[in-house]
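Read through the structure below, which is laid out as structure tokens, and then see the notes.
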Amino acid sequence: MGDNGQWDADLFRREGHRMVDWIAEYLDGGAREMPVLAQVEPGEISGQLPTAMPEQAEDPEAVWQDFQNIILPGVTHWNHPGFMAYFGITGSGPGILGDLMSSALNVNGMLWRTCPSCTELELSVLDWLRDGMGLPGELFGFLCDTASVSSMLSLAAAREAADPEVRRLGMAGRADLKPFRVYASDQAHSSIAKACVTLGLGLDGFRGIAHDDDYRMDVAALETAIAEDRASGTRPLAVVATVGTTSTTSVDPVAAIGEICRREGLWFHVDAAYAGSAAICPEHQWIFDGAENVDSLVFNPHKWLFTSFDASALYTRHPEIFRRAFSLVPEYLTTPVTGQVVDLMDYGIQLGRRFRALKLWWVMRCFGAEGIRARLRHHINLAREFAGWIDAHQDFERMAPTPFSVICFRAVPPEVEDSEAVDEFNMELMERVNASGDIYLSHTRLDDGIALRVAIGNLGTSKADVQRCRDLLEKEMTCLFRR
Ligand SMILES: Cc1ncc(COP(=O)(O)O)c(C=O)c1O
């Protein structure tokens, strides 16, 4: 230990170099040497850990060995090029190093004064992104940890806009307050219903709207629902459109929904957690057509913008409503510039905040908009090729359109007719592929039954990886046919 209580500089350098060397190898092919899906049983990792913290300082070498031997086997490698489950994501060199610098500085950007760079860089990079994605210039953006929290804060702002008395009085026992209702398609992410639970609207405060044949919100059904609810004494509050739904990545009709919100006086939130990044490519900016009516919008750089988890960009045209909902400044948090600067603690529930913008800044500068576009287009092209292969294959069928880099499909085994048996066949097929350790897929349920999903979003995923996925699917399907 050095005089200042830290590791001495030589020790830090030695351990740090070892880790950076390891990360360099990991990103440069090392991840693919490990099974993408952790091949461990529940409890296997904790069973190897001591039950109490060490009393004496341990040798860093021993910690490193345990990381290799105990922790790594229990890691599912989201950075593996064969990771095609959920949404494929990747950390990237510049993002990882930006995060390292954020940890090193260890600032808390709760107030402008507690780290001016934290606040000002965050606001600046979010402006860059907003403009690069073709979003309206008046949107004010800041970073949250996840889209779930971004959407929850947005709906809290919607509630504040609808009834400023909620902040003082709450909602319980108020005869003057009709129950609020939030609308989103039945394909929307569960975080929207969870936000309703968190905000005291209850699950009944969420109404799922039917989807059309392409899994987009049925706008006529939305209008009917709003009219029904008004007639029955509930109070429509907000509509959430999803740009890139979790199951199929379908895009709700933003412009039409925004028009309804404007007409009905409802808050309009857009959840573009995954697909928003695509708007950096001009050919995909149509996804935000109609965004001039949004009140708030979220997308996640940690999903498809090569920025390590976590980073969620939340935009709003009403920062003052967020402040009204959340700002509460005790004496010890006042500064000489209170009220003259942006203090990011005023826009949400958390006080302390990490220097998240640093990793995003590093990614944007080191990849550049062109570099980001090239990487996104590569993923979309790989997905199109895969979709084409599915369409041409007699034993597979596509189950939804493929607007971005996620393909929903299933095997259609000729001898299996019963729909439950088809679902079971596909689940078994997926588990066999996942057991390979080479490729990791996930599934969802669509109108016609279980769909397997191939989600391409990893920087390292190549044509050969997608080919390996195809080969594995065919091989495992043949094994199942022959059984
Ligand atoms: C459309 C959509 N919204 C929200 C989320 C939740 O994201 P987070 O993990 O950042 O809360 C997801 C996650 O996949 C998503 O697909």
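For ARG384, the test of being assigned to a helix (DSSP H, G or I), basic (Lys, Arg) and in contact (Cβ under 8 Å) with a residue 12 or more places away in the chain is passed. Of the residues SER312, SER308, the single one that is in contact (Cβ under 8 Å) with a residue 60 or more places away in the chain, among the polar types (S, T, N, Q), under 22 Å from LEU155 (Cα atoms) and within 16 Å of the ligand (Cβ to nearest atom) is SER312.
Close Cβ contacts (under 8 Å, 6 or more residues apart or on different chains) running from residues in region 220-244 that are in a helix (DSSP H, G or I) to residues that are within 16 Å of the ligand (Cβ to nearest atom) and not hydrophobic (A, V, I, L, M, F, W, C) comprise LEU222/TYR183; ALA225/TYR183; ILE226/TYR183. Only one of the numbered conditions (1) surrounded by fewer than 24 Cβ atoms within 10 Å (Cβ to Cβ); (2) within 11 Å of the ligand (Cβ to nearest atom); (3) more than 17 Å from the chain's Cα centre (by Cα) is violated by ASN293, and that is (2). Do we find that ILE287 is away from the ligand (no atom under 15 Å from the Cβ), surrounded by 17 or more Cβ atoms within 10 Å (Cβ to Cβ), of a type in the set (A, V, I, L, M) and not in a strand (DSSP E or B) in this structure? When the stated conditions are applied, ILE287 does not pass them.
Every condition in (1) surrounded by fewer than 17 Cβ atoms within 10 Å (Cβ to Cβ); (2) touching a Cys at 6+ places or on another chain (Cβ under 9 Å); (3) closer than 30 Å to GLN285 by Cα is met by ARG453 except one, and the failing one is (1).
Can you tell me which condition LYS178 does not meet? The list is (1) touching a residue at least 24 places away in the same chain (Cβ under 8 Å); (2) assigned to a helix (DSSP H, G or I); (3) of a type in the set (Lys, Arg), and all the others hold. Result: LYS178 fails condition (2) only.
Is it fair to say LEU344 is touching a residue at least 60 places away in the same chain (Cβ under 8 Å) and not basic (Lys, Arg)? Spelling it out, LEU344 is indeed touching a residue at least 60 places away in the same chain (Cβ under 8 Å) and not basic (Lys, Arg). Scanning region 72-81 for residues that are assigned to a loop (DSSP other than H, G, I, E, B), touching a Pro at 6+ places or on another chain (Cβ under 9 Å) and not hydroxyl-bearing (Ser, Thr, Tyr) yields a total of 2. Residues that are crowded, with 19+ Cβ neighbours inside 10 Å, closer than 20 Å to LYS178 by Cβ and free of Cβ contacts under 8 Å to residues at least 40 places away in the same chain within region 245-267 comprise just one, CYS261. Among residues of region 131-151 that are closer than 16 Å to ARG354 by Cβ, those with a beta-carbon under 9 Å from a residue that is within 7 Å of the ligand (Cβ to nearest atom) and part of a strand (DSSP E or B) at least six positions away or on a different chain give the pairs LEU143/SER312; CYS144/SER312; ASP145/SER312; THR146/SER312; VAL149/SER312; SER150/ASP271; SER150/SER312. If you go through region 92-120 and keep only what is in contact (Cβ under 8 Å) with a residue 40 or more places away in the chain, among the hydroxyl-bearing types (Ser, Thr, Tyr) and not in a helix (DSSP H, G or I), you end up with just SER92. Checking the structure you have, find out if any residue of region 327-341 is assigned by TED's automatic domain parsing to the domain that holds ARG159, under 23 Å from ALA161 (Cβ atoms) and outside any loop (DSSP other than H, G, I, E, B). Looking for residues that are assigned by TED's automatic domain parsing to the domain that holds ARG159, under 23 Å from ALA161 (Cβ atoms) and outside any loop (DSSP other than H, G, I, E, B), one finds none in region 327-341, hence no.
Would you confirm, using the coordinates I've provided, whether ALA256 is among the small types (Gly, Ala, Ser) and either over 20 Å from GLN187 (Cα atoms) or within 11 Å of the ligand (Cβ to nearest atom) (or both)? The answer is no for ALA256.
From the set of residues in region 315-327 that are of a type outside the set (Lys, Arg) and in contact (Cβ under 8 Å) with a residue 40 or more places away in the chain, which is nearest to the ligand (Cβ to nearest atom)? Of everything passing the filter in region 315-327, TYR315 is nearest to the ligand (Cβ to nearest atom). Considering only residues of region 134-146 that are in a loop (DSSP other than H, G, I, E, B) and more than 13 Å from GLU292 (Cα to Cα), which is nearest to the ligand (Cβ to nearest atom)? Of everything passing the filter in region 134-146, THR146 is nearest to the ligand (Cβ to nearest atom). Going by the conditions given, is SER277 small (Gly, Ala, Ser), within 10 Å of the ligand (Cβ to nearest atom) and assigned by TED's automatic domain parsing to the domain that holds PHE206? No; evaluated as a whole, the condition is false for this residue. Taken as a whole, the condition of being charged (D, E, K, R) and touching a Pro at 6+ places or on another chain (Cβ under 7 Å) applies to ASP465.
The values are calculated or read from the model by the stated rules, or taken from the named source; none is laboratory data. Being a predicted model, the structure only gives us computed values, none of them experimental. Counting neighbours? That spans all protein chains shown, and the Cβs are built from the backbone with ideal geometry, glycine included.
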